[in-house]
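Trainee: The structure under discussion is supplied below as structure tokens; questions concerning it will follow.
Read the figures in this text as sums done on the coordinates, not as results from a lab. None of the values given here were measured: they were computed from a predicted structure. Here the Cβ is made from the backbone with ideal geometry for all residues, glycine too, and neighbour counts use every protein chain on show.
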Amino acid sequence: MSRTGAPVSAAAGGNVGAASGGNVSAASGGNVSAAGTAAHAWPGALQVRVAVVGAGIIGCCIAHALQVRGASVTLFDRDEPGSGCSYGNSGAISESSVAPLALPGVLSSIPAMLLDRQGPLYLPLAHLPRAMPWLVRFVASAREARVLAAAQELARLHAGAIVKHEAFARALGVPELILKRGHLHVYPDGAALKKDAASWDLRTRFGFRFEQLDRAGILDLEPGISSRYNVGIFLPDHATILNPLRYVQAIARDFMARGGRIRRQKVSAAAPAEGGGWQLLHTGTAEAFDRVVIAAGAWSDQLLKPLGIRLGLQSQRGYHVQFQGGPQVVTRTVVLVDRKIFVTPMEEGVRVGGTVEIGGLVRPPDPRRAELLARIALDVFPELAGTASSTWMGHRPCTPTSVPFVGPAAGRQGLWIAAGHGHLGMTDALGTAERIAEGMLSGAYRDP
Ligand SMILES: Cc1cc2nc3c(=O)[nH]c(=O)nc-3n(C[C@H](O)[C@H](O)[C@H](O)COP(=O)(O)OP(=O)(O)OC[C@H]3O[C@@H](n4cnc5c(N)ncnc54)[C@H](O)[C@@H]3O)c2cc1C
């Protein structure tokens, strides 16, 4: 069930609404840019003590947005900021990616997911029983009306993402991290592009600009792309964060410079305090706050479940191969759509990232998935041969509808949730932060 702007229901059995609605930020009057860099302290915010759990891109942006507006914010993470999924992603700011992952016809892709270990989407058979409830909801959300509703929610959350990230990076003193050269999606041929028609139709419907290219057009933009790819779609307005970890670190640093506190502690539980407010339990102690935001990425369910809230997130594990130095074989984000792989000219060298493995939070990374990425990279860009590289796996926090949960938890006064950003957490971090900060501090969202 997806309810625009509605509180996230505390309900057993997975009956939780995605709350990524448009009306939280209505109270801002639209005058705040880039997670509050242009905002002033909000009347009444100064006394509010907020704990944010999770220092990934989502938690860091929320903590920053709240701190700028005058709240007293403590950000918790068991690790260094940006060590989770936000560490190794492809940095694409994909404002036009409004198509949810479950599109009509998705059911037919599931047998291949179970059988093809080398495929771009893979679900190990052993994980099938655990993934089943999520898969059922995923398939159900592929109905046309639900797809359109999800696309509308995603479009609202994505709105202005590129401009916001540019302004924010400038304000943080790291403008060099934003590359504005567009994104190039490439397909082997017209038949492959046709299979993807639904997602491009949705982008057109939402007014996004793109251009279809033939092989010569692809080579004009990116001369290094192998002859496998003959049809391209160029999105000239899209942008890329050239070092996601350094970006998160810059946000965390600025947050602390503004008086915010970061605690490297694992939070074992959040619980309502007697007489109002919340307690966070960590290292055997309980610390009191007025409000708590759970932004713990793919691990958010672990903290919410004891409170009777089940988001039903599933980790879509993604991998990257980071070539260190070596030739920059592309000059912008290039998407090899048939392989579900992004090739990005990161600061450290080319990063080849992507694919989906629905394999849960516990099992170790499967080196064969990263080897697959490396093989494809060398096949498309043979000049990378001999370049030193490292590999990484991260847990994308995915909802069945592709729409994240952003808002207050129903029936749990003072508890807020920002989780489930799936494949688009970098893109949506600032929109999410504005919604949470303005909703919480303006009172536009009344605590249920
Ligand atoms: C291969 C790959 C490529 C991607 N490419 C893109 C892209 O190009 N563009 C894009 O927009 N998105 C992309 N994404 C998705 C994006 O990376 C995620 O959506 C985003 O990083 C999620 O951010 P988060 O802050 O919710 O989670 P995380 O970054 O995982 O942060 C959650 C944090 O919570 C902490 N935590 C968890 N439990 C606790 C606890 N109990 N106590 C304390 N701390 C806790 C963790 O340590 C972690 O630091 C990609 C993802 C992958 C895997």
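Trainee: How much net charge surrounds G70 when only other residues with a Cβ under 14 Å from its Cβ are counted (Lys, Arg +1; Asp, Glu -1)?
Mentor: +2
Trainee: Quick one: Cα centre-to-centre distance for the stretch 163-237 and the stretch 298-337, in angstrom?
Mentor: For the stretch 163-237 versus the stretch 298-337, the Cα centre distance is 20 Å.
Trainee: Tell me, what does the Kirkwood hydrodynamic radius of the stretch 157-293 come to in angstroms if you use every pair of distinct C-alpha atoms?
Mentor: One over the average 1/r among Cα pairs gives 19.2 Å for the stretch 157-293.
Trainee: Give the angle, between 0 and 90 degrees and rounded to the nearest 10, that separates the Cα long axis of helix 367-380 from the longest principal axis of the Cα atoms of the chain.
Mentor: It works out to around 50 degrees.
Trainee: While we're looking at this one, here's another question. As I understand it, the value is the acute angle between the Cα axis of helix 161-172 and the longest principal axis of the Cα atoms of the chain; what does it come to in degrees, rounded to 10?
Mentor: The two axes meet at around 70 degrees.
Trainee: OK, next. Pick out which of G275, G207, G190 has the largest mean-square fluctuation in a Gaussian network model of the chain, springs linking Cα atoms closer than 10 Å.
Mentor: Of G275, G207, G190, the Gaussian network model singles out G275 as fluctuating most.
Trainee: Computed FRET efficiency, Cβ-Cβ of D189 and A140, R0 30 Å: what is it to the nearest 0.05?
Mentor: Numbers: r = 32 Å, r/R0 = 1.08.
Taking R0 as 30 Å, the efficiency between D189 and A140 is 0.40.
Trainee: Pick out, in residue order, every one of the GluC sites (Glu not before Pro) in the stretch 265-348 that is DSSP loop and has at most 11 other C-beta atoms within 10 Å; say none if there are none.
Mentor: Here the sparse-neighbourhood loop sites are E274.
Trainee: Further question on the same structure: I want to verify the translational diffusion coefficient of the chain in µm²/s; compute it with Stokes-Einstein, Rh as the Kirkwood radius over Cα pairs, at 4 °C and 1.567 mPa s.
Mentor: Roughly 59 µm²/s, to the nearest whole number.
Trainee: Between A388 and R209, what's the calculated FRET efficiency when r is the beta-carbon distance and R0 is 25 Å? Round to 0.05.
Mentor: In this case the efficiency is close to 0.05.
Trainee: Please arrange M113, M426 by counting, for each residue, the other beta carbons lying within 10 Å of its beta carbon, fewest first.
Mentor: M113, M426
Trainee: 222 nm [θ] for the chain, helices only, -39500 (n - 2.57) per DSSP H run of 4+, per residue, to 500?
Mentor: Mean residue ellipticity, 222 nm, calculated: -9000 deg cm²/dmol.
Trainee: Pairing the Cα long axis of helix 144-158 with the longest principal axis of the chain, what angle in degrees results, from 0 to 90 and rounded to the nearest 10?
Mentor: Roughly 70 degrees, rounded to the nearest 10.
Trainee: While we're on this one: Which value, in debye to the nearest 20, gives the size of the charge dipole of the chain about its Cα centre, when Lys and Arg are +1 and Asp and Glu are -1 at the Cβ?
Mentor: 780
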